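Input: a single structure, listed below in structure tokens.
No lab work stands behind these numbers, since they all come straight from the coordinates. Predicted model only: the values in this text are computed from it and were never measured. Cβ atoms come from the backbone with ideal geometry, glycine included; neighbour counts cover every protein chain shown.
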Amino acid sequence: MNFFELKNQSDFELAHIFECGQCFRWNKNDDGSYTGVIKDGVLNVKKVSGNVEICTNIDDFSIVSEYLDLGTDYSKIKKILSENDENIREALKYGSGIRILNQDPWEMLISFIISAANNIPRISKTIENISRTYGKKVVFDEKEFYLFPTPDELSKASKDDLRALGLGFRDKYIYGATKLVLDGQIDLKHISELPYKEAKKCLTSIPGVGEKVADCILLFSMKKKEAFPVDTWIKKVMGELYVDSHNVKKISEFAKSKFGKYAGIALLMKKLSMQKNLA
């Protein structure tokens with residue numbers, strides 16, 4: 001077990017990071033900390049008196065740092081976004097501690113295919129079912145956790161096996177995506193290195209990956225912070241505050257021109273603001 005402490009973290013709020021819809025394998029504990037399963041192991045993250053305390057079975061801190069995007073100056077980004085935008089300044093009251101996690105592209109591909117026409121509790125449950133059935137078991141803090149299966153591990157599942165885990169109509173998409181990655185027809189590392197538009201074009205060539213799913217994969221696992229996934233909530237708020245349109249393409253184009261390379265961060269701050277106002 002390893003322990004790391006990050007001093008004076010004003011741009012790091014646990015609920016903002018782990019409850020904004022970007023991840024599905026993090027759970028809040030009774031003590032206010034959050035525990036999550038990532039590609040390389042398990043993390044428990046707690047914030048005490050402005051300091052972030054991390055307990056993990058991962059030995060290499062650089063893996064933890066990369067995952068939590070600790071190398072990015074979010075104070076600077078917030079200043080840039082809010083400089084000439086009253087709506088962003090208002091959103092900062094509720095989403096000031098957001099960070100975009102650098103998650104595993106393979107896991108995000110499968111997770112966001114599962115997310116289509118679905119809700120977060122059901123998505124999380126399905127991903128947990130897949131991990132328990134096909135992933136590797138690890139023990140952390142005397143509890144059992146299951147890593148998300150590799151393409152090779154998941155390839156052992158038939159379409160019927162996948163449907164039995166709660167995937168429904170998505171079984172064929174998960175089965176197909178697994179085969180494409182395993183056969184090398186889809187190279188996620190290569191896609192992550194492409195410019196945004198080219199990367200998105202590659203992702204949307206995968207059956208089951210539409211515009212929104214592709215943008216989620218790009219934003220939450222491929223460091224494309226300009227990606228702007230548009231869902232029903234975002235359509236509504238963008239229509240009310242910025243652009244008189246419900247056309248997804250127009251909204252995305254406006255967001256990229258308005259917020260530039262940080263459009264995805266602006267989106268998450270607005271989403272947290274909307275959730276708070278509806279609570």
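If R0 is 25 Å, the Cβ-Cβ spacing of residue 122 and residue 59 corresponds to a FRET efficiency of close to 0.15. Comparing Cα centroids, region 96-128 and region 154-197 end up 14 angstrom apart. Among the listed pairs 7/125; 172/224; 172/258; 197/270, those with a Cα-Cα distance over 29 Å are 7/125; 172/258. Within the P(r) computed for region 174-276, what percentage of the Cα pairs occupies the region above 18 Å? Roughly 49 percent, once rounded to a whole number.
Label sites at residue 161 and residue 28, each approximated as a point 7 angstrom past Cα along Cα to Cβ, lie 3.6 nm apart.
Take the chain and mark each of the GluC sites (Glu not before Pro) that is in a DSSP loop with at most 10 other Cβ atoms within 10 Å; the longest unmarked stretch, sites excluded, is 143-279.
In the chain, the inverse of the mean reciprocal separation of distinct Cα atoms equals 19.5 Å; this is its Kirkwood hydrodynamic radius. Largest GNM mean-square fluctuation across 242, 173, 67, computed for the chain with C-alpha springs under 10 Å, falls on 242. Between residue 204 and residue 86, the modelled labels are 3.5 nm apart [label points 7 Å from Cα along Cα→Cβ].
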